[in-house]
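A.B. asks: I'd like to ask you about the structure that follows.
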Amino acid sequence: ILDHLDARGLAGNTLVIFTSDHGEMLGDHAMLLKGAMMYDPAVRVPMIARWPGFIPAGRRVDGFVGIHDIARTVRVAAGLPESPRDQGIDLVAVSRGELPPRPFALSQYRDSGYSYDPQVFTKMFRSGTHKIIVWHGDPATQRERTGELYDLVEDPNELTNRWDDAAWAPVKARLLAEMVDVVVALEDRRAPRTRPW
């Protein structure tokens, strides 16, 4: 595709983004496919973008990207106005150092693939080198409320769950509070506010 764009002189007018909406568990943690698990093989998906003249060649940006950032990036690249539902950031501006990269990643699973009985609702939040996963309980589902907490520097393969470790309680509390703030920031507020009350 890139060679075709180059050969026809279209590369400078074409933003190419290569990514995926999720990964797959290919035997990691003795699991296959995708679903409610939030291990890195399922949620950490790389992204590559190319747009000569707009994105610096060979630049690698550390930070997090969400699928919603792609919509914002394409809208800005096409010169379209901002959408009131837009939650993303312009990744072209991030690649040029004009905007900071996203400091967190959020993934959610709401019994949306293969149905579980009882239903499964999970939420994963990653900030810096830590990841927390909440397995929601009552009233969202009849499952036990529990979770996972990982230090991805000390434990990059996510083998030691620190959720119930008292020494990790301050990290757990901080991540849960950050996650709640992010969830509120990203909630759907499409209905226009027409009055102060």
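The values are calculated or read from the model by the stated rules, or taken from the named source; none is laboratory data. Because the structure is predicted, anything quoted here is derived from the model rather than measured. What goes into the accessible areas is simple: the full protein's heavy atoms, side chains included, and nothing from ligands, DNA or RNA. Shrake-Rupley method; radii C 1.70, N 1.55, O 1.52, S 1.80 Å.
A.B. asks: List every residue whose amide H lies under 5 Å from the amide H of Phe121, counting only residues 5 or more places away in sequence or on a different chain, with H placed 1.01 Å from N in the peptide plane.
C.D. replies: His136
A.B. asks: Now, a different point. Send over a whole-number figure in Å² for the accessible area per residue of the chain, probe 1.4 Å.
C.D. replies: Here the per-residue accessible area is 65 Å².
A.B. asks: Could you sort Leu152, Leu176 by accessible area so the largest value comes first, with the probe set to 1.4 Å?
C.D. replies: On the way: Leu152 20, Leu176 55 Å².
From most exposed to least exposed: Leu176, Leu152.
A.B. asks: Can you give the angle from 0 to 90° between the axis of helix 67-77 and the longest principal axis of the chain, with both taken from C-alpha atoms, to the nearest 10?
C.D. replies: It is inclined by approximately 20 degrees.
A.B. asks: Would you tell me the accessible area of Met38, worked out with a 1.4 angstrom probe on the heavy atoms of the protein chains, in Å² to the nearest 10?
C.D. replies: Estimated to the nearest 10 Å², Met38 gives 10 Å².
A.B. asks: Would you work out what percent of the accessible area of the stretch 74-197, with all protein chains in place, is carbon or sulfur (probe 1.4 Å)? Each step should come with its number before you reach the end.
C.D. replies: On the way: 4300 of 7950 Å².
Here carbon and sulfur together make up 54 percent of the probe-accessible area.
A.B. asks: A further question follows. One-quarter of the Cα convex hull surface for the stretch 131-197, in nm²?
C.D. replies: Average of the hull's projected areas for the stretch 131-197 equals 7.2 nm².
A.B. asks: Could you work out the per residue convex hull volume over the alpha carbons of the chain, in cubic angstrom?
C.D. replies: 182
A.B. asks: At a 1.4 Å probe radius, which order do Thr122, Thr160 fall into by accessible area, largest first?
C.D. replies: Reading off the accessible areas and sorting them downward yields Thr160, Thr122.
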